Amino acid sequence: MRACRTTDERLFDFVDGLEPDLESHVETCDYCQDFLAELWVGELSTDLSAPVLRQIRFDEFLRELGQLTVDVATAMARAFLAYGPAADDAGEAESANLLPPPDDEE
Ligand SMILES: [Zn+2]
């Protein structure tokens, strides 16, 4: 358990919108903010089509936290660069260089 004594389970519920009372705590808690950042990055890396609803809620959550979430926003930006559409494009470009174009279809 983290130093602030908020359990992972409560934070999962918070992300799902079931623990709105946690918001004022998370706003000021580095431990919880770190966990939420890792949670978001973890979801992104395991399943790119992860529940959109959860991501939208998290986006709203970040907007509400505003300037206090610089670290979380940075983690999200890193995750997006690592796993997002830009990463896919880079991978495709790389394999395109390795393989000849499939021009024998006509
Ligand atoms: Zn906390």
Could you grab me the full set of residues in the stretch 1-59 that are of a type in the set (F, W, Y) and either exposed (fewer than 14 other Cβ atoms within 10 Å of the Cβ) or at pLDDT 85 or above (or both)?
F12, F14, Y31, F35
Report every pair of residues separated by at least 6 positions or lying on different chains whose Cβ atoms are under 6 Å apart, first residue within the stretch 21-50 and more than 15 Å from E9 (Cα to Cα), second modelled with pLDDT of 90 or more and of a type in the set (A, V, I, L, M, F, W, C).
C29/C4
Scanning the stretch 9-38 residue by residue, those within 12 Å of the ligand (Cβ to nearest atom) and not in a helix (DSSP H, G or I) turn out to be E19, C29
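The values are calculated or read from the model by the stated rules, or taken from the named source; none is laboratory data. Just so it is clear, the model here is predicted, and its values are computed rather than measured. Note that each Cβ is placed from the backbone with ideal geometry, even for glycine, and that neighbours are counted across all protein chains shown.
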